Amino acid sequence: MSERSGGGGGGFGAFLFGIVLGAVAGFVFAPTEGGESTRRKVTKGLRNLKELAEDKVDEVRGLLKEAEAEADESDEEDEAEEPEIATREQLRRRLEAARRRRARARPPVPPPPASEEEDEPLA
């Protein structure tokens, strides 16, 4: 039996990931001037990326707070307008609505045409 359980492509993907990781580590830790400038560029890029991520996190937090406040306001309005309906009642209403939709979707079955033979008694 095969020891692979991922479907066959996992080993090759890990191999390619290792190659890319090794190339990046080679550039970053190279003992030449190019290695030093690469380290500076990578460090600067990572700092910029960190700052951008922090800004986006703050932006999302603000949006979430606004959405939460709006949801709280709408919940208060809903509670004032209509009392909360029990789960069983909600289920009953949904079933009734589904039955009505099904009845509307199903065309009415016309009665079979009346024939003169049915009106005459059988001998």
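The values are calculated or read from the model by the stated rules, or taken from the named source; none is laboratory data. Keep in mind the model is a prediction, meaning the values are calculated, not measured. When we count neighbours, we look across all protein chains shown, and the Cβ atoms used for this are built from the backbone with ideal geometry, even at glycine. The area values use the complete protein model at the heavy-atom level, side chains included, leaving out ligands, DNA and RNA. Shrake-Rupley method; radii C 1.70, N 1.55, O 1.52, S 1.80 Å.
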task: Among residues belonging to the stretch 84-100 that are open to solvent by less than 80 Å² (accessible area, probe 1.4 Å) and acidic (Asp, Glu), point out the one that is modelled with the lowest pLDDT.
output: Glu89
- request: Those residues that are touching a Gly at 6+ places or on another chain (Cβ under 9 Å) and modelled with pLDDT under 75, I need them from the stretch 21-58; list them, please.
  value: Phe27, Val28, Phe29, Gly35
